[in-house]
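A short worksheet on the structure shown next.
None of the figures in this text is laboratory data; all of them are computed from the coordinates on show. What you see is a predicted model, and the numbers here were worked out from it, not measured in a lab. Neighbour counts run over all protein chains shown; Cβ positions are idealised from the backbone, glycine included.
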Amino acid sequence: MAIIGIERILYRVDDVDRSIRFFEDFGLPLLDRDEGGACFRLPDNARVDIRAIATDPVPGSQIVGIGVHEIVWGVDTAENLERLVARLATDREVRRDADGICHFVADGGIAMGLRHWPEKRQIFAPTEPVNSPGNLQRMNVHRRWIARARPKGISHIGVISPDIEGLATFLRERLDFRLSDRQRSFAVYVRADGVNDHHNLAILNANAGLPGMDGTLRFHHVNYVVTDLDEMMAGKNHLERRGWPKSEWGIGRHRIASALFCYFPCPAGGEAEYGADSDALDDNWIPRDFSPMFGIAHWMHDLPGFLRDGAEWDVTFAADGVPTKGGIQPHSDL
Ligand SMILES: [Fe+2]
C-alpha cells in the first residue's frame, strides 16, 4: 500500500468568484480565501484549490481549458513517498515544494503530485436503515431530514485523454495503480493501491467522437462522495434553489462501479459530481470489459435519447484481468 487517496486538486479557472460561490453552494467547507482564489478543505482533509488560470497556471500541465490542472495523490508513509519519487525521477523531473508536494508530469501531460498524507481522516458516514418488503430495519422511526449535501472527500477525477491506455499503463507501472474496469474503446478506470474506491481516475477517450471530446487533453469532472441518495437530492435541490443550472442527466446509477451519480455543470470547468454507494474494490476484484452503452447506466431518472432502446447485455472480463470460464451472466429481475 502507498497511495491512499486524492490529497488535493488544483482547479485553474477563468471566473474565480463564481467558482467559489458554486463550491460553497455545492457543500464544500471554505478553509481560506484571498484575492487570488480560495481553498476548501473536505472532512477527510482533502483540499480543493481554486486559482485563476491566467495568473496561476500549473507548471507542466498540458490540459486544454479550465478545470483541474493538477492531482496530488496522498501517500501513506514518508518512506513510500521517497520510494515512489525515486521511481519517477528515473525519467522525469520531480520538483519538491514547501508543502512537501513532489510535483511531476505524468505521461500524456497531466500534472500530478505526491505528498505524504498523515492528516487523512477516515470518514464514517453510516446510511439510514432501509425498509423493504419483509425486511423492516426502521420501525417507528422516520428517516433523517437534511437540507444540504456535505461531501466527505474526493473519490475520483475524470480526464479526457487522447491516449487512455498510455496514461493507464503509466499509472499502473509507475505508481502501482490497479485496473478496475474498461468501457471498450471509450474509457479506462483505475484505482490507487491503498484505497477501496472503484476508481480514482476515469480516463475517457478524447477521440470517442462525443460532444466535448475533440481529440485534446481536457479535464472532465470530479466526483465528491456523499452518503446516500437523500444527500444527493438535498444537494441537488439546494443548488437549484441557489440558481445554478440543472444537472443535464439528473440522478442515475452507473452500471460500471454501481455508483449513484448526479453531475452538475461547474463554473470551475467540466462537471462536479455527487457520488454515493459505489462498489468497493480490493485486489480480489476481477476487471471487466463493458460495451460503452451497457456500462454507462443501470438506470437514469430521465432516460436520455441514447438509452431509449436500452443497451444490449455486453460485458465480459478484461483480457488483462484474471480470465474466468463462463463470463458474466445476466441477472434475474427478482
Ligand atoms: Fe464520475
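Numbers at a glance
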{"read-out": "Amide proton proximity set for Ile160, modelled H, under 5 Å, gap of 5+", "value": "Leu204, Arg218, Phe219, His220"}
{"read-out": "Under the Karplus curve 6.51 cos²θ - 1.76 cosθ + 1.60, θ = phi - 60°, whole-Hz ³J(HN,Hα) for the range 97-108, x wherever Gly or Pro sits", "value": "10, 5, 7, x, 7, 9, 8, 7, 10, 6, 3, x"}
{"read-out": "Peptides ranked, highest mean first, by Cβ atoms within 10 Å: ranges 82-93, 106-117, 299-310, 12-23", "value": "106-117, 12-23, 82-93, 299-310"}
{"read-out": "Residues whose placed amide H lies under 5 Å from that of Phe177, excluding near-sequence neighbours", "value": "Arg172"}
{"read-out": "In order through the range 245-262: 3J(HN,Hα) via Karplus (6.51 cos²θ - 1.76 cosθ + 1.60), integer Hz, x for Gly, Pro", "value": "x, 5, 5, 5, 8, x, 9, x, 10, 5, 7, 5, 6, 6, 7, 5, 9, 8"}
{"read-out": "Lys/Arg +1, Asp/Glu -1 at C-beta; the chain dipole; positive extreme among Ser132, Gln122, Met1", "value": "Ser132"}
{"read-out": "Derived scalar couplings ³J(HN,Hα) [the range 132-142; Karplus, 6.51 cos²θ - 1.76 cosθ + 1.60; whole Hz; x for Gly, Pro]", "value": "9, x, x, 9, 8, 9, 9, 9, 6, 9, 8"}
{"read-out": "Qualifying GluC sites (Glu not before Pro) in the range 237-297, DSSP loop, other Cβ atoms within 10 Å at most 13", "value": "Glu248"}
{"read-out": "Of all DSSP beta bridges in the chain, antiparallel share, percent nearest 5", "value": "70"}
{"read-out": "Charge dipole of the range 181-334 about the Cα centre (unit charges at C-beta), most positive-ward option of Leu210, Gln329, Cys262", "value": "Leu210"}
